[in-house]
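In what follows, a structure is listed as structure tokens, so that the remarks can point back to it.
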Amino acid sequence: MREVSIDKAAIITQTVTSTSYRIDDETMVELDNVPESLERIEQEKQNARASLVLGVPSLFSFDVVRCNGRYGIIYEQFHAKTLGHQIMDDPENFDHYLDLYVQLSKKMHAIHVPEGSFRSVKDVYRKNVQEMGDLLTEEEKRKCNQVIDAVPDGDSYIPAGYQPSRVFYKDDQLFLNTFDHTGYGHPLFALGDEIVSIKFSAEAPGLDPKFLYMVVNMDQPTARKFWHDYIVRYFNFSSEGQFEKMDKLLSFFGLLKIVLASVLAPNISQAYRQSTLDNGRKNFFPYVDYMLDALKNPGF
């Protein structure tokens, strides 16, 4: 297996879970911040290629490499900004960039995934619940699975990690740059994933602005507006009340990902790990029974 060095490589994109480095004028390497198994990295490469076959605009993946004791994937180097950076550099065209994001989101959710192409998102979430081990009580695990099971089945393409910091903008098109958790299921799983990265980050009290900029590549006011206008346009809402009702449902569902943060982002600090569990015990578990009917009939 080829070895590559990032000792003097420039960072192209960086998120909580991964970092992409420039290798040369044509390629870059994406590495998980916490070393992953070769099997997991090969799955990501397979997901990237299967996404292209389905018509999802994606960066082309080449081969798996070793880098400083970790496995990574070589992708084409786009010489492009992330969508978040593009918006911040050209705020006057915010609406146009957001429209591109909405269009791609709806396009992906309209794709019916052939059997065997990707993993079921429901199955992945159930596995994550079990991997929490003794961090959750058996009753808490049962409630997590109740929420997962309540979501209608579906075969839509679910691009976990779809956010302004992980989508490239070039020639007035958007291109995906993350495939490690790509799956199929109901679009609620996709929107619930996005709300954590965008809205929750923008509204987190006391969050370092530099950290927020790394997560979404936008400042707080822009990230807040982006989430609000995205949901309004995605559902073509005509009133603030419609937005608030959907935002409440997505916010609740997004808390499931916060509860599972210890598995999804194992490099988080012990203090943050405890805060995610405390948040879940205050704002998620007490309301599971109340929210189940809404999850069974999300309205889309």
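Every read-out reported here was derived from the displayed coordinates using simple, explicitly stated rules and does not represent laboratory data. Computed from a predicted model, the values in this text were never measured in an experiment. Neighbour counts are summed over all protein chains in view; Cβ atoms, including those assigned to glycine, are modelled from backbone coordinates with ideal geometry.
How long are the three semi-axes of the equivalent ellipsoid of the chain, in whole Å, if each is the root of 5 times an eigenvalue of the C-alpha gyration tensor, listed from largest down?
The equivalent ellipsoid of the chain has semi-axes of 29, 23, 20 Å.
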Problem - Whole-number percent relative contact order across the range 11-76, with pairs defined as alpha carbons under 8 Å at least 6 apart - result: 30
Exercise for the section: Please order Val259, Val113, Val53 by the number of other Cβ within 10 Å, starting at the fewest. Expected result: Val53, Val113, Val259
Practice task
Please name whichever of Phe168, Leu191, Pro57 sits farthest to the positive end of the charge dipole of the chain, dipole taken about the Cα centre and charges placed at Cβ: Lys and Arg +1, Asp and Glu -1.
Solution key: Leu191
Handout entry: Contact order relative to length of the chain, as percent, for alpha carbon pairs under 8 angstrom and 6 or more apart
Key = 18
Handout entry: Two-site label geometry, Phe62 and Asp293: point separation in nm, points 7 Å out along Cα→Cβ
Key = 5.7
Exercise for the section: On each of the three principal axes of the Cα atoms of the range 48-190, give max minus min coordinate, whole Å, ordered largest first. Expected result: 49, 39, 31
Exercise for the section: Check the straight Cα-Cα distances from Lys141 and name the lysines below 20 Å, setting aside those fewer than 8 residues away within the same chain. Expected result: Lys122, Lys127, Lys257, Lys282, Lys296
Handout entry: About the Cα centre, charge dipole magnitude for the range 52-161 (Lys/Arg +1, Asp/Glu -1 at Cβ), debye
Key = 320
Fill in the blank from the handout: A convex hull over the alpha carbons of the range 11-76 yields, per residue, a volume in Å³ of 88
Completion exercise
Filtered hits (lysines, Cα-Cα < 23 Å from Lys8, offset >= 8 within chain) -> Lys81, Lys210
Practice task
Determine, for His186, His79, the number of other Cβ atoms within 10 Å of each Cβ, and report the residues in order from fewest to most.
Solution key: His79, His186
Fill in the blank from the handout: Over all pairs of different Cα atoms in the range 198-300, the reciprocal of the mean inverse distance gives a Kirkwood radius in Å of 15.1
Completion exercise
Here, GluC sites (Glu not before Pro) of the range 28-117 satisfying both criteria (DSSP loop; at most 12 other Cβ within 10 Å) are Glu115
